[in-house]
Amino acid sequence: MRRGTLPLALLLALAAFFFVRGRWANEKQPQHNPKDYALVEPSPITPWREPAHDLAALFLPATNYVLESRIVTGLTVEIRKQLGRLMHPDENPFRIHRVQHEGQTLGAILITRVKAEHGGIEIVMGVETNGTIRGVLVQSQREPPTVAGAITNASWLAGFAGKNAKSSLRIGVDLPDVPAEARSSAQSIANSVRDQLIVLSFAEMPVEARERAQTHH
């Protein structure tokens, strides 16, 4: 065998090996539809799933809504004091759906998600222009039947009406009681509702009040 023949043959063999190996890997690699990722990757922003239904339930006869995003970065220190925790990524900017009827603002819709024992619970809140709750709806939940029945019960949800950011929203005290197995999830909803009202109260502050709060901290 002549010198130089072996290295060339070896090089060709290696090239063929890696070519075949690459094709095999591509065939074994599962192909993903981009839509698949939307099903499994959580979004920091909770979607509003049924605007028409919720507007009719909370703000009849609302005709439309306008989405606003309020940046509250300069107020985070005071907001954290009120919340008793760090702010979540979806709380700044704070999203407010302004509900309108014939050009007049009727109130706001807030959408949030709370972590419960059996998964996320998505909440839709209607808030009057004075900051009091008009109504609360559960738009999505994964709780067992007994718990789900309690937290979606219209009579229990009606207990939120008229409450504001200063209400403690304790189950069995400020809000109707629920079965023992549902209390944890119910209190999680109540805490989330109160937190949304607190952040809203800061997001709605006039410019002068915002400047005073920022200077103070």
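Couple of notes before you dig in:
- Filter result for the condition that a residue is assigned to a helix (DSSP H, G or I), surrounded by fewer than 20 Cβ atoms within 10 Å (Cβ to Cβ) and in the same structural domain as residue 78 (by TED's automatic domain parsing), over 185, 201: 201
- Scoring residue 51 on the criteria (1) surrounded by 12 or more Cβ atoms within 10 Å (Cβ to Cβ); (2) touching a helix residue (DSSP H, G or I) at 6+ places or on another chain (Cβ under 7 Å) leaves a single failure, condition (2).
- Once region 106-148 is narrowed to residues that are among the acidic types (Asp, Glu) and outside any strand (DSSP E or B), the residue that is nearest to residue 159 (Cα to Cα) is 143.
- Test: residue in region 148-160 that is over 18 Å from the mean Cα position of the chain (by Cα) and in contact (Cβ under 8 Å) with a residue 60 or more places away in the chain: no
For (1) within 21 Å of the chain's Cα centre (by Cα); (2) modelled with pLDDT under 60; (3) more than 30 Å from residue 195 (Cβ to Cβ); (4) in the same structural domain as residue 135 (by TED's automatic domain parsing), each residue gets a yes or a no:
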site: 16; (1), (2), (3), (4): no, yes, yes, no
site: 37; (1), (2), (3), (4): yes, yes, no, no
site: 77; (1), (2), (3), (4): no, no, no, yes
site: 83; (1), (2), (3), (4): yes, no, no, yes
site: 97; (1), (2), (3), (4): yes, no, no, yes
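- Check on residue 117, of a type in the set (Asp, Glu), surrounded by fewer than 16 Cβ atoms within 10 Å (Cβ to Cβ) and either in contact (Cβ under 8 Å) with a residue 40 or more places away in the chain or within 23 Å of residue 184 (Cα to Cα) (or both): yes
- Only residues that are charged (D, E, K, R) and in a loop (DSSP other than H, G, I, E, B) were counted in region 46-77, giving 2.
- Whichever residue in region 149-164 is of a type outside the set (Ser, Thr, Tyr) and assigned to a loop (DSSP other than H, G, I, E, B) and, among such residues, is surrounded by the fewest Cβ atoms within 10 Å (Cβ to Cβ): 162
- Taken together, the criteria exclude residue 80 from residues that are basic (Lys, Arg), out of contact with any helix residue (DSSP H, G or I) (no Cβ under 9 Å at 6 or more places or on another chain) and in a strand (DSSP E or B).
The values are calculated or read from the model by the stated rules, or taken from the named source; none is laboratory data. None of the values given here were measured: they were computed from a predicted structure. Virtual Cβ from ideal backbone geometry, glycine too; neighbours counted across all protein chains shown.
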